[in-house]
Amino acid sequence: MDAAEYALMDAVEDRMWWYRAMHGHALRALESLPAGARVLDAGCGTGGFLARLREARPEAGLYGVEFAESAAARAAAKAGAHIACGTVNALPFPDTCFDAVTSLDVISHAGVEPSEALAEFRRVLRPGGLLVLNLPGHEWLKSAHDLRVHNARRFERSGIRALLEAAGFASPDARHWNSLLLPLMVLQRKVLARDEADASDVTPYPGWLDASLLTICRLEAALLRAGLRFPAGGSLIITAIRSESRP
């Protein structure tokens with residue numbers, strides 16, 4: 001991403017409703033990990049998720065990889081984790097060294113080749129290790145926001161499941177979230193900010209609005225935990241298991 005977008009991420013990811021909701025989904029996906037698990041955040045940005053994971057699982061061994069040197073340095077300072085500077089297309093870690101890999105809105109980026117990144121995630125995971133992805137949903141939702149953050153692709157559930165199975169992952173589970181707010185998202189991105197020169201959605205929100213949007217996301221998360229599946233949504237949270245052998 002551009003330096004300005006990294007700066008925006010760094011400034012708001014600890015409090016903006018969308019980051020807090022996404023981090024909550026990813027933390028819940030990791031709840032089954034044993035104490036002391038080794039976790040890699042692949043494409044960790046400025047370290048917001050690793051910082052939240054450090055708070056939730058202080059005993060875990062936390063690692064990150066980030067392409068931009070300045071963002072990697074910020075992530076190390078923010079999260080107190082081991083951060084390498086590199087690409088998710090060729091991770092600088094040995095085989096089978098992690099219990100879990102998270103990668104939040106990364107394989108959607110223009111600089112990432114999804115099949116190569118998924119192969120690398122599988123390589124560094126132990127057999128039976130857990131992969132957690134968050135991805136932008138629905139190609140038809142592409143907008144100026146995607147241009148600003150260098151998203152080259154958005155995903156459907158069937159497409160990401162097929163990619164994961166081809167990469168040697170089992171039991172892929174993809175669920176939409178940011179579903180209750182999808183009408184507002186369509187309005188913002190397709191009507192109010194449809195010009196290619198418009199800014200991304202990563203920005204400080206007024207306190208009352210941020211709190212309201214987060215409350216809706218928390219209601220939605222409770223519905224997902226109760227077993228509800230939404231047919232559409234602005235984002236996808238995905239889990240899969242590293243299988244013993246390639247298909």
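Only the coordinates and a few stated rules stand behind these numbers; no lab work does. What you are looking at is a predicted structure, and each value in this text was computed from that prediction instead of being measured. Cβ: placed from backbone, ideal geometry, glycine included. Neighbour counts: every protein chain shown.
Just to confirm the number: angle between the C-alpha axis of helix 114-124 and the first principal axis of the chain, 0 to 90 degrees, nearest 10? Once rounded, the angle reads 40 degrees. If R0 is 35 Å, the Cβ-Cβ spacing of residue 158 and residue 4 corresponds to a FRET efficiency of close to 0.50. The spacing between the stretch 67-138 and the stretch 139-214, judged by their C-alpha centroids, is 19 Å. Derived value for the stretch 3-242: Kirkwood hydrodynamic radius 17.9 Å. Basis is the mean of 1/r over every pair of different alpha-carbon atoms. Beta-bridge orientation, the stretch 86-192: approximately 20 percent antiparallel, per DSSP, counting only bridges with both partners inside.
If the chain linking residue 225 and residue 192 were pulled fully straight, counting 0.36 nm for each residue of separation and taking away their Cα-Cα distance, it would gain 8.6 nm. Rounded if a/c is under 1.5, else prolate if a/b beats b/c, else oblate: with a ≥ b ≥ c from the C-alpha gyration tensor eigenvalues square-rooted, which is the stretch 72-117? Judged from the Cα gyration tensor, the stretch 72-117 comes out oblate (a/c at least 1.5, b/c at or above a/b). Against the main long axis of the alpha-carbon atoms of the chain, helix 3-12 sits at an angle near 90°. Considering only beta bridges that DSSP places wholly inside the stretch 3-242, some 45 percent are antiparallel.
Proximity of backbone amide H atoms, modeled 1.01 Å from N, is registered between residue 129 and 242 at under 5 Å, excluding neighbours fewer than 5 places apart on the same chain. Rounded to the nearest 10 degrees, the angle from helix 69-79 to the longest Cα principal axis of the chain is 80 degrees. Per-residue Karplus couplings for the stretch 155-161, computed as 6.51 cos²θ - 1.76 cosθ + 1.60 with θ equal to phi - 60°, are listed in order as 10, 10, 4, 5, x, 6, 4 Hz, Gly and Pro entered as x. Report summary: the helix-based calculation at 222 nm, which adds -39500 (n - 2.57) for every DSSP H run with n ≥ 4 and divides by the residues of the chain, gives -11500 deg cm²/dmol. In a DSSP loop and with at most 12 other Cβ atoms within 10 Å, the GluC sites (Glu not before Pro) in the stretch 32-116 are 59.
For residue 137, nonlocal amide neighbours, meaning residues 5 or more places apart or on other chains whose placed amide H falls under 5 Å from its own, are 155, 235, 236. Averaging the sequence gap over all C-alpha pairs within less than 8 Å and six or more residues apart, then dividing by the number of residues, gives the stretch 3-242 a relative contact order of 22 percent.
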